[in-house]
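Heads up: the structure comes next, in C-alpha cells.
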Amino acid sequence: MKRKVLFIAAHRPDRAPGQRFRFEQYFDHLASNGYEPTLSYLISERDDRVFYAPGGYLRKGGIFLRSFARRSLDALRASDYDIIFIFREAFLTGTTLFESLFDRSRAKLVFDFDDAIWLPNISEGNRALGWLKNPRKTEEIIAMSDMVFAGNPYLAEYASGFSDCVKIVPTTIDTEEYRPRTRVDAGPVCIGWSGSVTTIPHFEYALPALTEIKRRYGDRICFRVIGDGGYTNPALGIQGVPWRRESEVADLTAIDIGIMPLPDDAWARGKCGLKGLQYMALEIPTIMSPVGVNTEIVSSGTNGFLATATEEWVEALAKLVESTELRRQIGTAGRRTVLERYSTMSQRDNYVRYFDEVLAAKAPRRADGARSSSVSSTHA
C-alpha cells in the first residue's frame, strides 16, 4: 500500500515557480517509490487575478473564506495521510491554527521553505493587509514540524534554532525540460534577466553596468527582461515581456548571457539561486551577485562569474560579449554543475530517503495526542 502525502501550498499546480521547483516536479518519482502525492491549494486561477491586485477587499474576503473552508477540510482528513508537507505556510494570514491541527493528527509534518520568509515581505497589492501577518509564524511552524527542508545553508541555520531535524534540499531544475539549444554566432549578443514584477528592482542593480556595456558595444548587444511585461527602459531599448509558463524555456533560450544581480541583504541571502540555475541548465553563461547560496553555486571564472562592483560586472560582461568560445565553455560548465548538484535527477532519491526517514522516526506523543519536539537528526 502506498504511503499518502498531502502537499499544502497556496497555488494550483504549475502556477508558482517556488512550488514547481521545490516539490511538484518530484511527484512522479514519489509515485514510483511507494508514495501517493496529493496537492491541496488555496488560490484558483480565477482568484489569482484578484489576490495580487490592489484593492478588491470584498472579493479577497471571499478568497479568505473559501481558503478557510479548504484548510478546515484538510485538517479533518489529516489523519488519512502519512505525511503532511507544508510549503511556506498552510494559510494566508499569520495564524498557525491549521499547522497546529495537522500536528495533532497521526501524520508526520514536513515543512519546506525557500526564502527568508520570517522577514516582513508583503506584495504591493496587499500592503494594506500587512497587519494580518505574524513575524514569528515561521519559527512556530518549524518548531512543531518533524522535519524541515531548507533551500540553502542560510535558511538551514535559521531553522536549526527551532528544530533538530533540518535537511538542506536545494531548489532544482528538471534538466529534461531545460535542454540547451544549438546556438549560432549571428546577430547581437543578448544579455537577459528573468524575474517578476516584484523583483524588477533587483534587475536595476545592474543598470550602471549595462549602460556602460551599451556605450561600448552599441548594436553588438541587446537586452531582454522576462517577467515584467510593463517594464521599459528606452535608453537600453528594453521592453519587458511577461512570464508565460508555456513559453518559459523558449523565452530563456533567447538569452546569450544571463544575469542575477542582488542586493546583499537578509532577504536576498535567503534566495536559492533559481534564476541563475535556470540559465545554467540551458548552458547560458551566468553572472551573479556573490550573495547567499550563489557563492556555492558558482566558482567565478569556471562555471559562471561572480560580480559585486559595477567595474566587476562590466569586466565579466565584456569578456563574455567578446568571446563566443568563452560563452560556450562557461555555459557547458554551468550545465554540468546543475546536472551534478541542482537537478531534479540529482536530488530525487533524497526526497524519498527523507520521507522514509521521517516516517521511521519514533516521535513520542503528549497526552493530548500531539508530538513532542524531541525528534532529532543529523543536519544535511
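Quick note: the coordinates plus some simple rules give every number you see, no bench work behind them. Just so we're clear, the structure is a prediction, and the values are computed from it rather than from any experiment. Because the Cβ atoms are built from the backbone with ideal geometry, glycine has one as well, and the counts that use them run over all protein chains shown.
Hey, what did the chain get for relative contact order, percent, Cα under 8 Å, at least 6 apart?
16
From the phi angles alone, apply the Karplus equation (6.51, -1.76, 1.60; θ = phi - 60°) to segment 236-243 and give each ³J(HN,Hα) in whole Hz, x where the residue is Gly or Pro.
9, x, 9, 10, x, 10, x, 6
Can you return the lysines within cross-link range of residue 108? Criterion is Cα-Cα under 18 Å, with same-chain partners fewer than 8 residues away left out.
2, 4, 167, 362
Using the Karplus curve 6.51 cos²θ - 1.76 cosθ + 1.60 with θ = phi - 60°, work out ³J(HN,Hα) for each residue of segment 199-205 in order, rounded to whole Hz, and write x for Gly and Pro.
Ordered by residue, 3J(HN,Hα) equals 9, 4, x, 5, 4, 5, 4 Hz.
Kindly identify segment 189-342 as rounded, prolate or oblate by the Cα gyration tensor criterion: order the square roots of the eigenvalues as a ≥ b ≥ c, call it rounded if a/c is under 1.5, otherwise compare a/b with b/c, prolate if a/b is larger, else oblate.
rounded
Setting aside same-chain residues fewer than 8 positions from residue 60, which aspartates and glutamates have a Cα under 13 Å from its Cα?
Qualifying aspartates and glutamates at Cα under 13 Å: 47, 48.
Let me know the charge dipole size of the chain about its Cα centre in debye, to the nearest 20, where only the beta-carbon of Lys, Arg (+1) and Asp, Glu (-1) is charged.
920
Based only on other Cβ atoms within 10 Å, what is the fewest-to-most ordering of 256, 48, 80?
80, 48, 256
Is segment 181-260 best put as rounded, prolate or oblate by its Cα gyration tensor, with a ≥ b ≥ c the root eigenvalues, rounded for a/c under 1.5, and otherwise prolate when a/b is larger than b/c, oblate when not?
Oblate is the answer for segment 181-260, as a/c is 1.5 or above yet b/c matches or exceeds a/b.
Can you tell me how the chain classifies by the Cα gyration tensor, rounded, prolate or oblate, using a/c under 1.5 as the rounded cut?
Prolate is the answer for the chain, as a/c is 1.5 or above and a/b outweighs b/c.
Which of 168, 173 comes first, and how do the rest follow, when ranked by fewest Cβ neighbours within 10 Å?
Final ranking by Cβ density, sparse to dense: 168, 173.
Which value, in debye to the nearest 20, gives the size of the charge dipole of segment 189-342 about its Cα centre, when Lys and Arg are +1 and Asp and Glu are -1 at the Cβ?
240
Search the structure for amide H atoms under 5 Å from the amide H of residue 270, placed 1.01 Å from N in the peptide plane, and list their residues when 5 or more places away or on another chain.
116
Read phi for every residue in segment 93-101 and hand back ³J(HN,Hα) as whole Hz from Karplus 6.51 cos²θ - 1.76 cosθ + 1.60, θ = phi - 60°, with x for Gly and Pro.
10, x, 6, 10, 3, 6, 4, 5, 5
Run the reach check for residue 214 against lysines, Cα to Cα strictly under 21 Å, same-chain hits fewer than 8 apart removed. What comes back?
319
Residues in segment 64-79, backbone N under 14 Å from the label point at residue 44 (7 Å along the Cα-to-beta-carbon vector): list them, ranges by number please.
Backbone N within reach: 64-70.
Quick query: amide H of residue 39 versus all other amide H atoms, modeled in the peptide plane; which residues come in under 5 Å with a sequence gap of 5 or more or a different chain?
Sorted by chain and number, the residues that satisfy this are 7.
Which residue fluctuates most in the GNM of the chain (Cα springs below 10 Å): 309, 159, 250?
309
List 217, 154 from most exposed to least, where exposure is judged by having the fewest other Cβ atoms within 10 Å.
The order, fewest Cβ neighbours first, is 217, 154.
List the residues, sorted by chain then number, that are 5 or more residues from residue 108 or on another chain and whose placed amide H is less than 5 Å from its amide H.
Residues meeting the amide H criterion: 83, 84.
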